[in-house]
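To start, the structure itself, in structure tokens.
The values are calculated or read from the model by the stated rules, or taken from the named source; none is laboratory data. Predicted model, so just to flag it, every value in this text is computed and none were measured. Virtual Cβ from ideal backbone geometry, glycine too; neighbours counted across all protein chains shown.
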Amino acid sequence: MRPGPTKNDKRSLPPGGTPDLQDATSDPRGKARSARSDRPKRRRRRVRLPGPTFPGSPAGIESTPLVDVPPEPGAVSISCVDYGPDRASAFDVPDLEAFLSRPRPEWSAVRWVNVAGLHPQVINRFRQAYGFHTLAAEDALKVPQRPRVEPYPDFQFIVASMFRQVDGKFTSGQVSVFFYGNMLLTFQEEPDGAEAWSTIRQRIQASGSTLRQGDAGFLLYSILDALIDHIFPVVEHYGDLLETLEDRIIEEPTTALSGELHSVRRKLLELRRMIWPIRLMIHDLQSSDSPNLSSTVRTYLRDVHEHSVQLIDVIETYRDMASGMIELYLSAVSYRMNEVMKVLTIIATIFIPITFLAGVFGMNFKVMPELNWEWGYALFWLICIVTVVGLIRFFRRKGWIGEGQVSK
């Protein structure tokens with residue numbers, strides 16, 4: 001996941017290009033502080049904030065650095081899909097200015113423009129072409145934003161989050177949607193995030209598909225549904241991980257399991273924190289009075305809302321499982337410790353009478369009749385053996401040692 005501040009957002013620095021820092025060797029304790037600063041430090045996870053923002057800075061994308069500088073080649077990829085009931089056309093946009101100056105085909109009932117990768121110049125150029133608000137353009141650029149729906153007179157601005165599994169790793173990024181009556185404009189935080197829409201593009205290309213026959217509102221539903229569907233593999237991964245950890249706890253509760261359990265529980269908490277606003281966003285969109293959303297689309301959005309509620313319920317269940325497994329881990333560790341202490345106690349109990357006998361016969365008294373007996377040494381070992389066997393049988397009868405015994 002890329003951090004909120006990007007190379008496009010530059011902070012003002014003093015002359016020389018570096019912050020004015022005090023020399024660590026300017027005082028006798030400077031070298032010690034410098035040595036401590038070279039040590040590896042654990043960085044605490046922080047919630048990403050939109051930015052950077054400066055007190056008193058003007059709002060809007062026009063004041064963003066690099067707003068007039070085109071992006072580097074390959075930094076942003078733009079694709080466009082025009083489709084209608086009888087025809088569909090998908091193509092990449094290598095030249096943004098040529099694309100914006102070219103008229104839209106008359107047969108195109110719905111146009112979907114997707115921008116993968118965020119750059120202020122590209123977003124501002126789309127703002128100038130389609131007339132959406134500068135504050136909405138700024139929110140599309142400065143990520144992350146809270147998922148929500150903002151109604152405007154000519155369009156609706158929708159912010160959502162995308163979770164994907166790529167090469168066994170999970171990534172998340174913001175998706176900003178500008179929803180017009182017959183057009184959808186999406187901005188993805190991840191430069192390679194366009195692959196997430198491959199299934200939707202295939203459905204558009206399929207002649208006679210429901211998506212092909214629908215309007216831009218149905219395309220919006222399909223995108224939101226795809227965002228929710230991408231979360232299910234992430235949640236299922238943590239469910240499988242919890243099952244594996246549970247088996248490991250039962251078999252051998254090691255110290256490393258405690259850290260893994262707390263890590264899973266923390267990630268589930270973060271996942272819930274990010275999905276909860278999406279549920280509210282879908283509900284607000286479904287209940288909005290936008291004329292661009294038909295009754296059919298609202299019905300489909302209700303289904304997406306139910307899926308988001310289901311996800312939150314599953315995450316809550318997994319969080320409870322993680323908490324219960326932490327208690328199970330502590331109980332298992334305590335049980336193993338008690339077993340070790342029980343074994344040591346039994347061993348010590350067995351050797352107490354033997355130690356007593358050895359101490360008695362080891363005293364340096366001149367008159368000890370047993371020391372002169374011919375069979376005294378053999379009798380001593382006989383008493384020790386009988387004592388040990390008797391104690392072991394007593395412990396087994398009480399169920400303190402051995403398997404399948406019930407403690408009395």
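Residues in segment 62-71: is at least one among the charged types (D, E, K, R) and modelled with pLDDT of 90 or more? So far as segment 62-71 goes, no, none of its residues is among the charged types (D, E, K, R) and modelled with pLDDT of 90 or more. The set of residues in segment 186-195 that are surrounded by 23 or more Cβ atoms within 10 Å (Cβ to Cβ) and of a type outside the set (S, T, N, Q) comprises F187, E189, G193. Return yes when T255 is at pLDDT below 85 and hydroxyl-bearing (S, T, Y) and no when it is not. Yes; evaluated as a whole, the condition is true for this residue. Applying the criterion of being modelled with pLDDT of 80 or more and either assigned to a helix (DSSP H, G or I) or acidic (D, E) (or both) to the residues of segment 361-384, the residue that is farthest from R396 (Cα to Cα) is Y377. Can you tell me how many residues within segment 170-199 are small (G, A, S), closer than 21 Å to F218 by Cβ and touching a strand residue (DSSP E or B) at 6+ places or on another chain (Cβ under 7 Å)? Residues that pass the stated criteria total 3. Of all residues in segment 140-160, those that are within 21 Å of A129 (Cβ to Cβ) have Cβ atoms under 7 Å from Cβ atoms of residues that are aliphatic (A, V, I, L, M) and in a strand (DSSP E or B), 6 or more apart or on another chain, in Q156/V149; I158/V149; I158/V177. When residues in segment 101-124 are screened for being of a type in the set (A, V, I, L, M), in a loop (DSSP other than H, G, I, E, B) and within 25 Å of F218 (Cβ to Cβ), 1 of them pass.
Taken together, the criteria place E270 among residues that are part of a helix (DSSP H, G or I), in contact with a Lys or Arg (Cβ under 9 Å, 6 or more places away or on another chain), farther than 25 Å from Y152 by Cβ and without any contact (Cβ under 8 Å) to a residue 12 or more places away in the chain. Taking the numbered list (1) under 30 Å from L219 (Cβ atoms); (2) hydrophobic (A, V, I, L, M, F, W, C); (3) buried (at least 17 other Cβ atoms within 10 Å of the Cβ) in turn, L257 passes all entries but (1).
Comparison of T349, T387, T355 shows that the only residue that is touching a helix residue (DSSP H, G or I) at 6+ places or on another chain (Cβ under 6 Å), hydroxyl-bearing (S, T, Y), more than 30 Å from E246 (Cβ to Cβ) and not assigned by TED's automatic domain parsing to the domain that holds L211 is T387. Note on segment 315-330: among residues that are surrounded by 18 or more Cβ atoms within 10 Å (Cβ to Cβ) and at pLDDT 85 or above, the one that is farthest from the chain's Cα centre (by Cα) is M321.
In the set (1) loosely packed, with under 14 Cβ neighbours inside 10 Å; (2) more than 35 Å from the chain's Cα centre (by Cα); (3) in a loop (DSSP other than H, G, I, E, B), the condition left unmet by A98 is number (3). What are the residues in segment 76-92 that are buried (at least 18 other Cβ atoms within 10 Å of the Cβ) and in a loop (DSSP other than H, G, I, E, B), if any? Answer for segment 76-92, where residues must be buried (at least 18 other Cβ atoms within 10 Å of the Cβ) and in a loop (DSSP other than H, G, I, E, B): just V76. Checked against the criteria, A226 does not count as modelled with pLDDT under 90, aliphatic (A, V, I, L, M) and within 24 Å of A109 (Cα to Cα).
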